[in-house]
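This report concerns only the one structure given below.
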Amino acid sequence: MRFMYIVSHPGPSTQPPPEMMEAMHKLSDREIKAGRMIDSGGLMPVETGARVRIADGKLSVIDGPFVEAKEVVGGYAIFELRDKDEALAMAKEFMQMHLDFMPGWEGTCELRSVRRRCAKCGRWP
Amino acid sequence: MRIAVRETTLRQMRPVAVTAADIDRTIVAVWRIEQPRLITSLARMLRDVPLAEELTQEALLAAIEHWPATGIPEKPGAWLMATAKRRALDHLRRHRMVARKHEMIARDLEQEQQAMPDLDAGLDDDIGDELLRLIFTACHPLLSREVRAALALRMICGLTTGEIARAFLQPEATIGQRIVRAKRTLSESGLAYETPRGEELSKRLASVLEVVYLIFNEGYTASRGEDWLRPQLCHEALRMGRVLTSIAPHEPEAHGLLALMELNASRAAARTDAAGEPILLLEQNRGLWDQLQIRRGMQALGRACELGGANGFYVLQAAIVACHAQAEIADDTDWQRISGLYERLTVVARSPVIELNRAVAVGMAEGPEAALAIVDRLTQNYHLLPSVRGDLLHKLGRYAEARAAFEAAAALAGNQRERDFLKRRAAEAAALSL
């Protein structure tokens, strides 16, 4: 099963301490070598982005930063794992690292399984 | 604070009871993630891969026994590592190692543990070398291909004996016995702990790649039984392929095999229709091909060629599949290039299967007549041969002969779905021959 992890936190982003970067690097290195992590990326600050939104039947473009935003997405990763149990174990390990190396940091790691046609029967779930 | 505490709060928000089965599943999931690191660390201590595997299993049992009561530790990986290492130390002590060398190892390790009871220690280990040793031990050419596959799934992917048995449609006892016997063979031959290097590594790698590809194909083609695909085996083989490219990064064939598997797997969702019927490559909806996987496959293929492996057995096959992956529509397929690649492949490995595939490519590049000439030179009769013949005859308008070929193919096919498909094609040809 393919899972997408989206990490968000109340903005703005802060630079993680070197110990955190090192631990994160180690974990992702392990996961790439284990063939589980197949893609990932940290996101640049919201100032570099924009939102294209539809509301009241109208399309509008809002350049970052977004004043009204409560949460900022900081990064994503795509993993291939056997099941949701494995996916949860990964997310817990990842978040535990934040707890250890970034005291006071708060945020969410959301994991969602990517919708794919069943390889066995060809049906969409 | 333990994770279990937070799970309690979660439970309060969501009225779903966490059952014992849930906890077991969580434990197994954690264990599976940690297993290669556990086995490799223990193997280094014990100088014995099969024994390391056994003691790693004991650590899992200990977790299943303790965690439901204590809650899942904050760092479950570290807990498993500490427990497994303790088992290994016990073992070393119990066996009061005959050789002084071993006593020294035990003492060193004990001191190391007392000096820094650092539960994170495992995370810092560079396990590349040990993992290589683990894979090469599981896939030792002394063992038969089937045994190598079972051992690899067990020791590298953490599949249970039952799961392996189901995947290979074998009784659990049979697989269990095979694994036990294989481990004994390795221990008795003194092959329980060795790492091939240099030229020896390249030579031995072939036996590893063969096993990984066997597992992939077992999942991808499901030659027996009702299932067209057994996705789990593909998934495990892909994972092993990725592991191999990271621990043997200079071996072009490792990258070639990974490319071949990624590119083939990229079509998984497009290979069957909603009723589970197979869809042939050229008729597949290419929009369903997995672009992320194709990208990864192309990267691996590029790397293999950079390493000078363009004429390798797996690299050539990957290059062929890449021609399909890169064609946006079926009509864009570069059949000239594909038939050229098959030509090169027959130089590396002569086999009727490759020759048959070459015929298909030649048929697309030059027409069915040229292809039929190749096919008619082949004698070995397995279901794909009459199936391809039938297709070529059909294209040439020789419908009665096509029908006979499809019927012969259906009689030889081992998979019900494939059989049904071939019978349908026979019926189509029959209708046209009237």
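The values are calculated or read from the model by the stated rules, or taken from the named source; none is laboratory data. The model shown is predicted, which means the values in this text are computed figures rather than measured ones. Cβ sites come from the backbone with ideal geometry, for glycine too, and all protein chains shown count toward neighbours.
What the table shows:
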quantity: Selection from the range B:64-100 of residues that are within 14 Å of chain A (Cβ to nearest Cβ) and in contact with a Ser or Thr (Cβ under 7 Å, 6 or more places away or on another chain); calculated: B:72, B:81
quantity: Qualifying residue in the range B:209-220 (condition: of a type outside the set (D, E, K, R), within 19 Å of residue A:81 (Cα to Cα) and without any contact (Cβ under 8 Å) to a residue 12 or more places away in the chain); calculated: no
quantity: Listing of strands (runs of 3 or more DSSP E) fully contained in the range A:21-125 that carry 2 or more residues being more than 21 Å from residue B:28 (Cβ to Cβ) and within 14 Å of another protein chain (Cβ to nearest Cβ); calculated: A:37-42, A:72-80, A:108-113
quantity: Selected residue [within 16 Å of the chain's Cα centre (by Cα) and under 30 Å from residue B:278 (Cβ atoms)] from B:233, B:132, B:151; calculated: B:233
quantity: Selected residue [over 22 Å from the mean Cα position of the chain (by Cα), modelled with pLDDT under 95 and crowded, with 19+ Cβ neighbours inside 10 Å] from B:348, B:360; calculated: B:360
quantity: Selection from the range B:394-411 of residues that are within 16 Å of residue B:432 (Cβ to Cβ) and touching a residue at least 24 places away in the same chain (Cβ under 8 Å); calculated: B:394, B:395, B:396, B:399, B:400, B:402, B:403
quantity: Conditions (1) assigned to a loop (DSSP other than H, G, I, E, B); (2) in contact with a Pro (Cβ under 6 Å, 6 or more places away or on another chain); number of the one not met by residue B:207; calculated: (1)
quantity: Members of the range B:163-180 found to be under 20 Å from the mean Cα position of the chain (by Cα) and aliphatic (A, V, I, L, M), listed by number; calculated: B:164, B:165, B:167, B:169, B:175, B:179
quantity: Condition broken by residue A:13, with the remaining ones in (1) modelled with pLDDT under 90; (2) within 14 Å of chain B (Cβ to nearest Cβ); (3) under 16 Å from the mean Cα position of the chain (by Cα) satisfied; calculated: (2)
quantity: Verdict on residue B:103 being modelled with pLDDT under 85 and either surrounded by fewer than 19 Cβ atoms within 10 Å (Cβ to Cβ) or within 14 Å of chain A (Cβ to nearest Cβ) (or both); calculated: yes
quantity: The lone exception for residue B:170 - which of (1) polar (S, T, N, Q); (2) under 28 Å from residue B:253 (Cα atoms); (3) without any contact (Cβ under 8 Å) to a residue 24 or more places away in the chain it fails; calculated: (2)
quantity: Of all residues in the range A:76-87 being crowded, with 17+ Cβ neighbours inside 10 Å and over 13 Å from the mean Cα position of the chain (by Cα), the one that is modelled with the lowest pLDDT; calculated: A:82
quantity: Residue list for the range B:249-268, filter: of a type in the set (A, V, I, L, M), within 11 Å of chain A (Cβ to nearest Cβ) and out of contact with any Cys (no Cβ under 8 Å at 6 or more places or on another chain); calculated: B:258
quantity: Which numbered condition residue A:33 misses (of (1) under 28 Å from residue B:238 (Cβ atoms); (2) of a type outside the set (Gly, Ala, Ser); (3) modelled with pLDDT of 90 or more); calculated: (3)
quantity: The range B:310-319 - residue that is surrounded by 22 or more Cβ atoms within 10 Å (Cβ to Cβ) and of a type in the set (A, V, I, L, M) and, of those, farthest from residue B:202 (Cα to Cα); calculated: B:319
quantity: Tally of residues being away from chain A (no Cβ under 11 Å) and without any contact (Cβ under 8 Å) to a residue 24 or more places away in the chain across the range B:269-286; calculated: 1
quantity: Unique residue being modelled with pLDDT under 90, in the same structural domain as residue B:161 (by TED's automatic domain parsing) and closer than 30 Å to residue A:95 by Cα when the list is B:123, B:132; calculated: B:132
quantity: Residues of the range A:1-31 satisfying the condition of being in contact with a helix residue (DSSP H, G or I) (Cβ under 7 Å, 6 or more places away or on another chain) and closer than 25 Å to residue B:131 by Cα; calculated: A:23, A:24, A:26, A:27
quantity: Residue identified as of a type in the set (Lys, Arg), crowded, with 20+ Cβ neighbours inside 10 Å and either part of a helix (DSSP H, G or I) or not assigned by TED's automatic domain parsing to the domain that holds residue B:25 (or both) among B:37, B:44; calculated: B:37
quantity: All positions within the range A:16-31 that are under 14 Å from the mean Cα position of the chain (by Cα) and surrounded by 15 or more Cβ atoms within 10 Å (Cβ to Cβ); calculated: A:24
quantity: Enumeration of residues in the range B:176-210 that are β-branched (Val, Ile, Thr) and either out of contact with any Phe, Trp or Tyr (no Cβ under 7 Å at 6 or more places or on another chain) or over 15 Å from residue B:145 (Cα atoms) (or both); calculated: B:179, B:180, B:185, B:195
quantity: Conditions (1) under 28 Å from residue A:20 (Cβ atoms); (2) surrounded by fewer than 16 Cβ atoms within 10 Å (Cβ to Cβ); (3) modelled with pLDDT of 90 or more; number of the one not met by residue A:90; calculated: (2)
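Quick grid of which residues meet (1) modelled with pLDDT of 80 or more; (2) part of a helix (DSSP H, G or I):
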| residue | (1), (2) |
| --- | --- |
| B:136 | yes, yes |
| B:142 | yes, no |
| B:162 | yes, yes |
| B:182 | yes, yes |
| B:190 | no, no |
| B:193 | no, no |
| B:217 | yes, yes |
